[in-house]
Amino acid sequence: MITAVAIAFFVVPLAAGALVRTIRPDARWLRLLLSFSGSFLLGVVFLHMLPELYAVAGIGIGLWVLSGFLLQVVLEFFSHGIEHGHMHVHAAPGKVLPFVTLLSLCAHSFTEGMPFADPNVAGDLYFLTGVLLHKMPMAIALAAVLQRSGAGNARSWSLLVIFALAAPFGILVGSLAGKGIGAAFLDDMLALAIGMLLHISTTIIFESAPEHRFNAARFVAVIVGAALAAFLLVGHTHA
């Protein structure tokens, strides 16, 4: 299962790159996908991952959740929000994607991947679906920025491959560290990743449209995403 998850994390960014090159998805639909994925992920985190994590690891794990939230604040200082679909900062023609931006995106993806070294997390289809739903528009935004910057095909695909490898590499490092340090390490990394995802999902809901306007379409996307998470998880809890 862990291998399949690593492959999924690698394939999604490359699929996003191919999508941008062929279909060129409209920004409006990308914002709706962001709103849906953000609310679905938020629902999964609050209704499923956080309660179970606190039950297993205790109240002290909250420090790692908070650390993840603050770490994402730092990373977004360099990425300018590509994680939640912001493309306008780096999208000017001829503007090369800064190395530090790619590095921050890879650091986010690497950290996000580490807890999936735990078979229980890797086998959690609700959490995995939420993370992959978040990663697709993130990768689309990165691919779009690379395309609009005028980067050649070789450079664009090379950078996408580097980004795509970050999460599988995080899974590998998490697996090695988990065996050496212990299972508690993976609980800490899960809390760190959840803190980062909390920051991103809340930001997506409130800031994924121009001038931060919360229109009817985005409202429906948010409600549907949260309702779907609640429906699936309530059924899971009572199964």
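The values are calculated or read from the model by the stated rules, or taken from the named source; none is laboratory data. Only a predicted model underlies this, so the values are computations on that prediction, with no experimental measurement involved. With ideal geometry, Cβ positions are generated from the backbone for all residues, glycine too; neighbour counts draw on all protein chains shown.
How many of the residues making up segment 98-108 are closer than 18 Å to SER156 by Cβ and surrounded by 24 or more Cβ atoms within 10 Å (Cβ to Cβ)? Counting residues in segment 98-108 that are closer than 18 Å to SER156 by Cβ and surrounded by 24 or more Cβ atoms within 10 Å (Cβ to Cβ) gives 1.
Return the residues of segment 143-164 that are assigned to a helix (DSSP H, G or I) and small (Gly, Ala, Ser); say none if nothing qualifies. Once the filter is applied, which keeps residues that are assigned to a helix (DSSP H, G or I) and small (Gly, Ala, Ser), segment 143-164 yields ALA143, ALA144, ALA154, SER156, SER158, ALA164. Criterion first (more than 18 Å from HIS80 (Cβ to Cβ) and in contact with a Pro (Cβ under 6 Å, 6 or more places away or on another chain)) does VAL121 satisfy it? When the stated conditions are applied, VAL121 passes them. In segment 178-200, the residue that is surrounded by the most Cβ atoms within 10 Å (Cβ to Cβ) out of those that are in a helix (DSSP H, G or I) and free of Cβ contacts under 8 Å to residues at least 60 places away in the same chain is PHE185.
Considering segment 1-44, the residues that are buried (at least 21 other Cβ atoms within 10 Å of the Cβ) and among the polar types (S, T, N, Q) include one that is modelled with the lowest pLDDT, namely SER35.
Name the residue that is farthest from ASP187 (Cα to Cα), counting only residues in segment 62-76 that are within 15 Å of the chain's Cα centre (by Cα) and surrounded by 14 or more Cβ atoms within 10 Å (Cβ to Cβ). Ranking the candidates gives GLU76 first.
Within segment 1-27, residues that are under 13 Å from PRO168 (Cα atoms) sit with their Cβ atoms under 9 Å from residues that are acidic (Asp, Glu) and not in a helix (DSSP H, G or I), at 6+ positions apart or across chains, in these pairs: ILE2/ASP118.
Conditions (1) at pLDDT below 90; (2) out of contact with any Ser or Thr (no Cβ under 9 Å at 6 or more places or on another chain), marked per residue:
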{"residue": "ILE82", "(1), (2)": "yes, no"}
{"residue": "MET87", "(1), (2)": "yes, yes"}
{"residue": "LEU97", "(1), (2)": "yes, no"}
{"residue": "TYR126", "(1), (2)": "no, yes"}
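The set of residues from segment 130-155 being within 19 Å of ALA221 (Cα to Cα) and at pLDDT below 80 is empty.
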